[in-house]
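The values are calculated or read from the model by the stated rules, or taken from the named source; none is laboratory data. These numbers were taken from a predicted model, which means no experiment stands behind them. Here the Cβ positions follow ideal geometry from the backbone for every residue, glycine too, while neighbour counts run over all protein chains shown.
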Amino acid sequence: MIDRIMDRIAWGLSVIGAFVLLLMLVVTIADVVADKLLQLPFPGATELIMSIMPISVCAFLLSVQVKKRHIVIDLLVNRLSPKARVLLQLLTQPCGLFLFGLLTWLTVPMAIHSVKIGEHTGGNVGVPMYPAKVMIPIATGLVTIQLIIELVRTLGQLKNPPAAAEKICEITDDDNT
């Protein structure tokens with residue numbers, strides 16, 4: 001059940017990330033076209049792109065972790081024994097847990113402060129910065145939760161490691177992997 005919840009949250013954040021990427025694309029194209037054809041740059045385009053870029057990056061973090069689409073060195077990892085793979089995960093998952101937990105812990109006060117003061121970008125057009133500063137601890141906090149779930153599962157695999165044929169990560173076009 002927890003997997004289904006995390007999948008749905010990851011999907012929702014991915015939709016937000018895709019929308020933000022589309023918005024960045026439209027604003028960039030509008031800025032370039034307006035500047036080159038009309039010699040009139042799109043006011044606030046740079047500020048808007050700057051303020052929503054962290055949202056576009058952070059929105060996909062949970063999906064990458066849930067679907068195991070992060071970069072791994074398959075050539076090396078898949079040659080290890082099942083027990084060695086579990087031990088390797090027991091080294092990497094606590095490191096990720098520490099780093100993402102630390103990021104969450106350090107960015108929550110920044111996000112709260114940003115919302116309290118209504119932080120905006122400088123320049124010609126003031127674009128709110130607080131949505132991006134709120135998204136960072138949300139995304140890193142959710143990845144931290146996912147890493148805790150994965151670490152608990154990995155600890156359970158110490159007694160019964162997965163079969164030798166099972167791979168850590170397999171890249172396919174099918175979303176059901």
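Numbers for the structure displayed
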item	result
Residue list for the range 1-55, restricted to those being of a type in the set (Val, Ile, Thr) and either at positive phi or within 15 Å of the chain's Cα centre (by Cα) (or both)	9, 15, 16, 20, 52, 55
Members of the range 111-144 found to be among the hydrophobic types (A, V, I, L, M, F, W, C) and within 13 Å of the chain's Cα centre (by Cα), listed by number	132, 135, 136, 138, 139, 142, 143
Residue ID - nearest to residue 63 (Cα to Cα), chosen from residues in the range 22-48 that are among the hydrophobic types (A, V, I, L, M, F, W, C) and crowded, with 17+ Cβ neighbours inside 10 Å	24
Checklist (1) among the aliphatic types (A, V, I, L, M); (2) at pLDDT 90 or above; (3) over 30 Å from residue 25 (Cα atoms) applied to residue 84, failing item	(2)
Search result, residues across the range 108-142 that are hydroxyl-bearing (Ser, Thr, Tyr) and closer than 17 Å to residue 62 by Cα	140
Cβ pairs under 7 Å, 6+ apart, first in the range 59-78 and in a loop (DSSP other than H, G, I, E, B), second of a type in the set (Val, Ile, Thr)	59/16; 59/20; 70/64; 72/168; 78/168
Any hit, the range 71-79, residues being surrounded by 18 or more Cβ atoms within 10 Å (Cβ to Cβ) and either at pLDDT 85 or above or polar (S, T, N, Q) (or both)	no
Only one of 106, 147 that is closer than 21 Å to residue 69 by Cα, of a type in the set (A, V, I, L, M) and either modelled with pLDDT of 90 or more or surrounded by 12 or more Cβ atoms within 10 Å (Cβ to Cβ) (or both)	147
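Rundown of residues vs (1) in contact (Cβ under 8 Å) with a residue 60 or more places away in the chain; (2) more than 19 Å from residue 145 (Cβ to Cβ), yes/no style:
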residue: 6; (1), (2): yes, no
residue: 11; (1), (2): no, no
residue: 17; (1), (2): no, no
residue: 20; (1), (2): no, yes
residue: 27; (1), (2): no, yes
residue: 37; (1), (2): no, yes
residue: 45; (1), (2): no, yes
residue: 48; (1), (2): yes, yes
residue: 55; (1), (2): yes, yes
